[in-house]
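Structure first, commentary second.
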Amino acid sequence: MSEPTNAPRPALAGTPGDRFNRLVEIMRTLRSPTGCAWDREQSLASLRPFVLEEAYEVVDAMDRNDRSALCDEIGDLLLEAVFVAQICAEEGAFTIADAAEAVTAKLIRRHPHVFDASGTAATDRRDLSPVQVKEQWERIKTRERAGTPQRATLLDGIPESLPSLLRSSRIGARTANVGFDWDEPGEVVDKVDEELNELRQAIATGDVAHIEEELGDLLFTVANLARKLRVDPESALRVANGKFTRRFRAIERRLAKQGRSLHEATPDELEREWQVVKAAGTEATDVSPPSPEARRRSGDHPRRARAGRPETGDA
């Protein structure tokens, strides 16, 4: 596996604003009657999988600590934001400038210890700890939410499109703001044990619907245990997936050296190989899967395969 490319990129002419404006203008041209047929054809619904995928590819580059890939993936994610905003601008809903202004105003509102109401540095700036800043942010966000008509209940506004583990954590965080939460992580561990016992009982009944319900309760509780431990459940599971994948690949390699395949090994043999790999830590020598950039260069890019984005339109 080659080392991540983290060399600094050469400086380009123009301010960040100049370069951003050029991107906005290019997207406007692509969506124009004399632009690109594929880009004109897109809608908010068709862009949804691209937005999600680019966000995951940003996270993947971060996990690999590959700054060069991260620069590219952030650019791809920025493209999707500009693309979505351009469609909304054509509908008369809002522009990318409106979106930038909205998030700027939000940052100012939610950092009163840094900025005054005009957005300039506050003269009475207060030093808060990270925990105090987070608590202040949540209090301000809760007040803002209370004044938003379309959010009639506390849990409104948590996107249903979030990965389920992350959404469970967000739901728990939202209810914790009003005191509906466990006091200590140990209490959540006890709840995990309780849910696990209920799952065992459901399995004993053979009722599939009941099993699904109890398994869901267990996963929801585990996600909130992660929240109490200040661990992102999606990141923790992603690490576990990676570790399992590396170890299983190591088993495949060990069997291949013996002239055997996975299908020829018995469950007991696979378990013994697993324990050997786990004890030796040999999974760390496995070759990692190709990066999104490598897949893109080879033409095997999941975005094109799943959603039909043309080769020439792949950012």
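The values are calculated or read from the model by the stated rules, or taken from the named source; none is laboratory data. Source: prediction; values computed, not measured. Counting neighbours? That spans all protein chains shown, and the Cβs are built from the backbone with ideal geometry, glycine included. Quick note on the areas: whole protein, heavy atoms, side chains included, nothing else; ligands and nucleic acids left out. Shrake-Rupley method; radii C 1.70, N 1.55, O 1.52, S 1.80 Å.
When the stretch 141-200 is limited to residues that are among the basic types (Lys, Arg) and at pLDDT 90 or above, the one that is surrounded by the fewest Cβ atoms within 10 Å (Cβ to Cβ) turns out to be Arg200. Taking the stated definitions as given, is Leu79 at pLDDT 90 or above, hydrophobic (A, V, I, L, M, F, W, C), open to solvent by less than 50 Å² (accessible area, probe 1.4 Å) and in a helix (DSSP H, G or I)? Spelling it out, Leu79 is indeed at pLDDT 90 or above, hydrophobic (A, V, I, L, M, F, W, C), open to solvent by less than 50 Å² (accessible area, probe 1.4 Å) and in a helix (DSSP H, G or I).
Taking the criterion of being among the acidic types (Asp, Glu) and assigned to a helix (DSSP H, G or I), the residues of the stretch 170-211 that qualify are Glu187, Asp190, Asp193, Glu194, Glu195, Glu198.
Across the stretch 82-120, the qualifying residues are those that are modelled with pLDDT of 95 or more and polar (S, T, N, Q), and the one among them that is nearest to Glu144 (Cα to Cα) is Thr95.
Only residues that are charged (D, E, K, R), open to solvent by 80 Å² or more (accessible area, probe 1.4 Å) and at pLDDT below 95: list them for the stretch 20-66, please. Passing the criteria: Arg48, Asp63.
Among the conditions (1) more than 30 Å from Glu53 (Cα to Cα); (2) under 25 Å from the mean Cα position of the chain (by Cα), the only one that Leu219 does not satisfy is (1).
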